[in-house]
């Protein structure tokens with residue numbers, strides 16, 4: 001039994017590993033990019049902020065010019081927008097006039113979870129990204145999934161995992177105070193790294 005459990009201990013699935021985006025307009029270059037607040041369909045209220053920070057880091061690391069997030073947020077606030085779900089209320093030209101970037105990167109967290117089912121711990125992050133130009137035309141789209149299933153053999157580890165899962169679902173970002181401590185950080189890093197690698201080189 002121990003041999004079987006050891007073999008099942010970790011199974012990681014990466015979906016969309018190839019560095020090819022879902023959509024890319026031929027010949028398009030992003031220029032100066034504004035990475036906007038993300039929308040979030042998951043129950044993890046902390047992840048939308050963390051996902052945006054990680055994507056900013058990965059896009060900058062790929063040598064793209066990115067407008068500082070604080071500057072973007074300040075200009076959005078002047079338009080009455082404080083979260084990603086409100087971005088749809090802005091016309092493309094209104095957004096472009098306020099921020100002044102060439103391209104606008106949107107992110108939607110489709111799924112993000114950390115669930116204990118018996119002795120199995122499952123983790124998953126799925127995010128969809130897109131970039132629109134100043135006229136609101138879609139130039140690039142990508143979607144990535146990073147998922148993992150592992151067996152938690154220790155009773156103490158099972159209790160700790162269940163407690164962390166309960167605390168996260170109850171208090172959200174009151175529990176996850178920092179990006180590095182988030183239990184899905186490795187999958188978040190993977191998703192953002194893969195998607196950033198599909199952008200056309202500057």
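Every number here is computed from the coordinates shown, using simple stated rules; none is lab data. Everything numeric here is computed off the predicted structure, so don't read it as measured data. Here the Cβ is made from the backbone with ideal geometry for all residues, glycine too, and neighbour counts use every protein chain on show.
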Next item on the list: Using a cut-off of under 13 Å, list every residue of segment 44-66 whose amide N is near the label point 7 Å from the Cα of residue 73 along the Cα-to-beta-carbon line.
Entry: 48-54
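Test of understanding: ordering 29, 130 by Cβ neighbours within 10 Å, fewest first, what list do you get?
So the residues, fewest neighbours to most, are 29, 130.
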Next item on the list: Return the whole-Å distance between the Cα centroid of segment 66-128 and the Cα centroid of segment 26-48.
Entry: 5 Å
Next item on the list: Among 201, 144, rank each residue by its count of other Cβ atoms within 10 Å, from fewest to most, as a rough exposure measure.
Entry: 201, 144
